[in-house]
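Reviewing the structure listed below.
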Amino acid sequence: MSALQSIDLIKLTDDIKAWGRALGFQQVGISDIDLAHHEQHLSEWLGKGYHGSMSYMENHGMKRARPAELVPGTVRVITVRMDYLPPDASFAKHLKDDHIAYISRYALGRDYHKVLRNRLKQLGEKIKSALADTAYRPFVDSAPVLEHALAEKAGLGWTGKHTLTLSKEAGSWFFLGELFINLPLPVDAPIEDGCGSCTACLTICPTQAIVAPYTVDARRCISYLTIENDGPIPEPLRPLMGNRIYGCDDCQLVCPWNRFASISEETDFHPRQQLHGQTLEVLFAWDEPTFLKQTEGSPIRRIGYERWLRNIAVAMGNATPSEQLFHALEARNGKVSALVQEHIDWALDELKTKQAQTNSANRQKNRLTRVIEKGLPRDA
Ligand code: SF4
């Protein structure tokens, strides 16, 4: 009898879930690897070009929906959930103040890739210590993995109309990770869709990137525009981005299920003060060594200094004009790459236009005040 035949897989599954929780995962679910019914949606999505310049999504082809082609021998996927909602998220306060740089809340702390991969490896080793024949491979936010489809199959939640995994107990402020494994563990039951007739995320999306329920055109999504996209940000979309310089949380913020989300106890995900609630001018003034130092161990570092400046320049163009903004933008004029310069030029034009409109409105207001106070306009 092989080691696999002699082991109680139900008991092992219970142990895996308990080990996962002890490692800091809030939920652990198991699915088989049949994602065939996602293949058509994936093909259509790619066919429409909704992935933008993320060519790696195309490169993996249908491997994304076939885990055993990606990691031969895989028969199950263990999906884990780790909550990240930080204390003092200050959503409204920072989104309302257009001189503050808004950073998606998942990115304010330590790089989740490292945190989750490390814990998944520990979970894999635990399983291996119970059954030496175990082969596993961890994935975290990895291009070839259809993580939301797997999470749905594993009973962690359903895929909401915004295309993120959503749980009735935990909302959607969480990371997902996967352990591809060669053991035929018993699987969990999927959860029913709980979106119902709600369309709040489609309506709130600043760039209308959720083009239909369950379909996001990444080319319009602020997360894609500020993180994945390495070229210019399309001009018509810039004014819609507001002060969001790295990612966007709006579709999650408006989701009614996030009333049930808990604050993360992972101190790794708590905000780093140099990134949380900082003004646009302060972040724009960082030179490259400062950017690298201040974003050490943070997912933000991955976008590099050029995209960082590009994104902040757009937010500055969207802000209420001030002397500080003009000075900060002009101080970099001619000293940056062509990509950043183009966004600085756009921001300066935007600020000048708004300034001119404000001046004109103020002149009209003053004239009206004089008419009311003295009966006659002085310069009429
Ligand atoms: S906002 Fe509404 S439609 Fe969108 S994911 Fe949440 S429940 Fe679903």
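Amide H contacts for residue 246 (H built 1.01 Å from N in the peptide plane; partners 5 or more residues away or on another chain; cut-off under 5 Å): 104. With a cut-off of 18 Å on the backbone N, the residues of region 269-311 near the modelled label site 7 Å out from residue 322 along Cα-Cβ are 274-286. Region 200-253 and region 1-59 have Cα centres spaced 27 Å apart. Binning the C-alpha pair distances of region 28-153 at 10 Å intervals from 0 yields a P(r) profile of 11, 32, 31, 20, 6, 1 %, listed from the shortest bin outward. Entry comment: accessible area of region 3-278 is 42 Å² per residue, from protein heavy atoms only and a probe of 1.4 Å.
Magnitude of the charge dipole for the chain, about its Cα centre and with charges confined to Cβ atoms of Lys, Arg (+1) and Asp, Glu (-1), is about 820 debye.
The accessible surface of region 280-375, taken with every protein chain in place and a 1.4 Å probe, is 50 percent carbon and sulfur. Taking the centroid of alpha carbons for each part, region 278-318 and region 62-85 are 33 Å apart. Of 301, 76, 81, the order by accessible heavy-atom surface (1.4 Å probe, DNA, RNA and ligands excluded), from most exposed downward, is 301, 76, 81. Is there a pair in 11/128; 11/126; 17/126; 63/126; 114/168 whose C-alpha atoms are over 18 Å apart, and which pairs would that be? Where the Cα-Cα span goes over 18 Å, the pairs concerned are 63/126; 114/168.
Partners of residue 121 within straight-line reach, counting aspartates and glutamates whose Cα lies under 12 Å from its Cα and excluding those fewer than 8 residues away in the same chain: 178.
Value of Rg to Rh for region 178-249, rounded to two decimals, is 1.15; Kirkwood radius and Rg both from alpha-carbon coordinates.
Rounded to the nearest 500, the 222 nm mean residue ellipticity of the chain from helices alone is -12000 deg cm²/dmol, with -39,500 (n - 2.57) taken per DSSP H run of at least 4 residues.
3J(HN,Hα) along region 64-74: 4, 9, 10, x, 6, 7, 6, 10, x, x, 5 Hz, from the Karplus curve 6.51 cos²θ - 1.76 cosθ + 1.60 with θ = phi - 60°, whole Hz, x for Gly and Pro. Here the spin labels are modelled as points 7 Å beyond Cα on the Cα-Cβ line, and at residue 212 and residue 357 they lie 3.5 nm apart.
Considering every alpha-carbon pair of the chain, the percent of pairs per 10 Å bin, from zero through the bin containing the longest distance, is 5, 21, 28, 22, 13, 6, 3, 1, 1, 0, 0.
Here is the short version for the chain: 195, 198, 205, 221, 248, 255 have no other Cys C-beta closer than 4.7 Å. Taking every DSSP bridge with both residues inside the chain, close to 90 percent are antiparallel. Peptides 223-231, 345-353, ordered by how many other C-beta atoms sit within 10 Å of their residues on average, highest first, read 223-231, 345-353. For region 33-141, carbon and sulfur atoms together expose 49% of the accessible surface, with a 1.4 angstrom probe and every protein chain in place. If r is the Cβ-Cβ distance from residue 125 to residue 75 and R0 is 25 Å, what FRET efficiency results, to the nearest 0.05? With R0 = 25 Å, the Cβ-Cβ based efficiency is 0.85.
Semi-axes of region 280-375's equivalent ellipsoid from the Cα gyration tensor, sqrt of 5 times each eigenvalue, largest first, rounded to whole Å? Walk me through the numbers on the way to the answer.
On the way: eigenvalues 275, 33, 18 Å².
Here the semi-axes work out to 37, 13, 10 Å.
The values are calculated or read from the model by the stated rules, or taken from the named source; none is laboratory data. Given the structure is predicted, the values throughout are model-derived calculations rather than measurements. FYI the Cβ positions are ideal-geometry reconstructions off the backbone, even for glycines, and counts take in every protein chain you see. We work out accessible area using only protein heavy atoms, side chains counted, and drop any ligands, DNA or RNA first. Shrake-Rupley method; radii C 1.70, N 1.55, O 1.52, S 1.80 Å.
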